[in-house]
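Before any comments, here is the structure.
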Amino acid sequence: MIAHNTLVVLLGCAALGVAAGAVGCFALLRGRALLADAMGHAALPGVVGAALIGAWFGTDPRALPPLLIGGAIAGALGLWAVQALAATGRIRQDAAIGVVLASFYALGVVGLSVVQAMPAGAQAGLSHFILGQAATMRTEDAWAAGLLAMFCVVATVALFPRFRALCFDAEFAALQGLNIRVTDAALMGLILLVCIAGLPAVGLVLVVALLVLPAATARLLNQRLPGMLAASCAIGGVSGVLGALISAGHEGWPTGAAVVLVGTAFFVAALLVRRA
Amino acid sequence: MTPLSIRHLNVFYGERPALVDISWELPRGLTAIIGPNGAGKSTLLKAALGLIPCEGEVRLFGTSLDEARARVGYLPQRASVDWDFPASALDVVAMARTPRTRWWGALPRREREAARAALDEVGMAALADRPIGQLSGGQQQRVFLARCLAQEADLLLMDEPLAAVDAATEREIIRVLQALVAAGKSVVAVHHDLASVPHVFEHALMLNGRVVAAGTVAEVFTPAMIVTTYGPSLAEAEAAD
């Protein structure tokens, strides 16, 4: 019999895996994996800033929603900064990603030390946002993850023709009357949503793997997009469950890392299967 | 109504002008856009299709692009997309039919059949279900042509439809282009192989950042005009061929 707490973590991680699997397909095909990594790292100063504001007003430092909203704002700001830098044409996008990722993260680390110097437990659990700690997941967090998964799956299925056209040939899609800016923004919004939702459980360092691994594995096993999308959701969900089980069975193993390692095992297996 | 009319078009890449004061009316029939590398041939197509910002006026069938969108087809350069994309040949061609579903839901059977018919027109029906990454360059070009046909447009703008294809594919594509013109469509293609211009095309637009000459091939595709368009060295090299 699985303890209630483990079950919550298990379902939460499965839902997160499904959501990331769905969105990750299009993130990969649009070449947005590095940008997702930058958004995850850029979220840290937002999380810390939200904790500081919360401490000022004396709110519960363990309440997740304000922290995640702070993270989402900072992540979106990071995304905007990358695109604004690249749009100047003076540095390439990969360099812009490097600059933004590192500087936002460094700002977050400095902020973290400021918060930790404060009394009253304002820092409670903030450092978990870096490497993740799914074990502290509460029932309502698992519910939220489940809703998120459903939303991401419904959104990717509903927007499937648009996202596919955008990822394969954006100019042709534009000529056909697809609004590229809006469609691209919707995709980036979903990527940001998954990155931020994955922060508490998986951590900002590993959250990009949640998007990339199931999708990359599914691509190796599928030659058409609908199959890839379904496989990616399944692999993401199963990775979440197995990772949570493994970490529950080993005292002190971080769940996020276990989920990512399971995902990596699937990826390597798919590589070997598809070598022939 | 003329299918494509361009007046005083300017395009800049940053500070650098790519096209200067282009005024041109596309004639009926099969037209080649020719000029050296960097002459702005692809840029002209993209500007006409509203894919890059430009100054000046572009009219399609006497109206704006938004009004005429359904009547305009485009074949981009083959290298402009990732051929490792998870899709079959039929999937790619079927994407031309997506706007008819208003971008929602699965493609109805009749739209998929229309896409299959377009593949058949370019001799690719047997490979409809093959992943695009497993197709040869010539086959990929035929898939792109089929996608362009599946748009069922009256004006087709093609960016190097004959670039880097085998002889059989080249003959096949030329046959399709001529069939389109015979069916009353207007086709304009960026073209690189000067030697084949007189055999394939009726009209030519000679471009080098500006319009050097435009008219029937017999009128404008002359040695003197080629020298003006390309500079003396390439014209000599072509003559020596």
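Key figures
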| read-out | value |
| --- | --- |
| Residue A:68 being within 14 Å of chain B (Cβ to nearest Cβ) and touching a helix residue (DSSP H, G or I) at 6+ places or on another chain (Cβ under 6 Å) | no |
| Test: residue in region A:99-120 that is out of contact with any Ser or Thr (no Cβ under 9 Å at 6 or more places or on another chain), modelled with pLDDT of 95 or more, surrounded by fewer than 20 Cβ atoms within 10 Å (Cβ to Cβ) and closer than 30 Å to residue B:52 by Cα | yes |
| Test: residue A:212 is open to solvent by 30 Å² or more (accessible area, probe 1.4 Å), touching a residue at least 60 places away in the same chain (Cβ under 8 Å) and in contact with a Leu (Cβ under 9 Å, 6 or more places away or on another chain) | yes |
| Residue selected from region B:83-127 under the condition more than 23 Å from residue A:26 (Cβ to Cβ) and of a type in the set (D, E, K, R), by the criterion farthest from the other protein chains (Cβ to nearest Cβ) | B:120 |
| The lone exception for residue B:60 - which of (1) away from chain A (no Cβ under 14 Å); (2) buried (at least 19 other Cβ atoms within 10 Å of the Cβ); (3) within 20 Å of residue A:175 (Cα to Cα); (4) not small (Gly, Ala, Ser) it fails | (1) |
| Unique match (being out of contact with any Asp or Glu (no Cβ under 9 Å at 6 or more places or on another chain), open to solvent by less than 20 Å² (accessible area, probe 1.4 Å) and farther than 27 Å from residue B:28 by Cβ) among B:220, B:143 | B:143 |
| Residues of region A:52-71 satisfying the condition of being assigned to a helix (DSSP H, G or I), open to solvent by 30 Å² or more (accessible area, probe 1.4 Å) and small (Gly, Ala, Ser) | A:55 |
| Residue in region B:138-146 that is within 13 Å of chain A (Cβ to nearest Cβ) and free of Cβ contacts under 8 Å to residues at least 12 places away in the same chain present | no |
| Region A:158-182, residues that are outside any helix (DSSP H, G or I) and at the interface with another protein chain (Cβ under 9 Å from one of its Cβ atoms) | A:159, A:169, A:176, A:177, A:178 |
| Filter result (open to solvent by 50 Å² or more (accessible area, probe 1.4 Å) and of a type outside the set (Asp, Glu)) within region B:106-116 | B:106, B:109, B:110, B:112, B:116 |
| Test: residue B:209 is open to solvent by less than 40 Å² (accessible area, probe 1.4 Å), touching a residue at least 12 places away in the same chain (Cβ under 8 Å) and in a loop (DSSP other than H, G, I, E, B) | yes |
| Lone qualifier among A:145, A:155, A:149, A:185 - being part of a helix (DSSP H, G or I) and within 14 Å of chain B (Cβ to nearest Cβ) | A:155 |
| Flag for residue A:35 being farther than 30 Å from residue B:86 by Cβ and either buried (at least 22 other Cβ atoms within 10 Å of the Cβ) or of a type in the set (Lys, Arg) (or both) | no |
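The values are calculated or read from the model by the stated rules, or taken from the named source; none is laboratory data. Given the structure is predicted, the values throughout are model-derived calculations rather than measurements. Counting neighbours? That spans all protein chains shown, and the Cβs are built from the backbone with ideal geometry, glycine included. Accessible surface areas use protein heavy atoms only, side chains included; no ligands, DNA or RNA. Shrake-Rupley method; radii C 1.70, N 1.55, O 1.52, S 1.80 Å.
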